[in-house]
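Scroll down for the structure; my scribbles are underneath it.
Readers should treat all values here as calculations from the given coordinates under stated rules, not as data from a laboratory. Keep in mind that what you see is a predicted model, and the values were worked out from it rather than measured. Reconstructed Cβ throughout: ideal geometry from the backbone, glycine too, with neighbour counts over all protein chains shown.
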Amino acid sequence: MTGSIGSCTHRNVMQGASGATICLDCGASQGELVRGDGPPASRELARRARERNDTFFEIQLEVAESSRDVRFGEADSGSRSHHDNAGDLAAIEAEGWKLANVGYVFVSTGQSSRQKVFGTGESFAVSGVVVGIYLFRSVDAPSSDSG
């Protein structure tokens with residue numbers, strides 16, 4: 001979800017099940033701006049979910065990015081980057097959450113195509129990001145195995 005909150009300009013915002021909107025980069029929430037050496041945004045989101053006594057907490061974090069293009073009729077190898085989210089996941093668990101499930105999706109951010117220079121057909125190059133969808137369960141919540 002893109003947009004901005006108050007004076008936040010990151011445009012990386014998420015709306016939770018409760019309807020609250022928060023920036024995943026700086027923690028700004030509905031006109032509020034979290035600044036300074038405070039906890040990372042993911043920890044702040046987890047803390048707020050605990051304060052609401054939520055049973056589950058879900059967060060989506062960018063895991064990797066791939067950028068490709070077509071040059072001279074052939075797709076190039078492009079560039080790839082990886083984002084280490086271990087610190088965010090550890091910070092969330094430190095707030096009283098236990099990772100219950102995780103899934104990954106590829107979100108296309110663009111594509112290009114050109115006719116092949118030598119030969120027939122087209123070459124395609126797709127750029128995008130891999131997003132991890134992490135579902136946490138409150139450590140206080142009863143386990144679904146207990147029964």
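Among 136, 56, rank each residue by its count of other Cβ atoms within 10 Å, from fewest to most, as a rough exposure measure.
Fewest to most other Cβ atoms nearby, the residues stand as 56, 136.
Starting from the 7 Å offset along Cα-to-Cβ, what nm value, one decimal, do you get for the label separation of residue 53 and residue 124?
Each label point lies 7 Å from its Cα, and together they span 5.0 nm.
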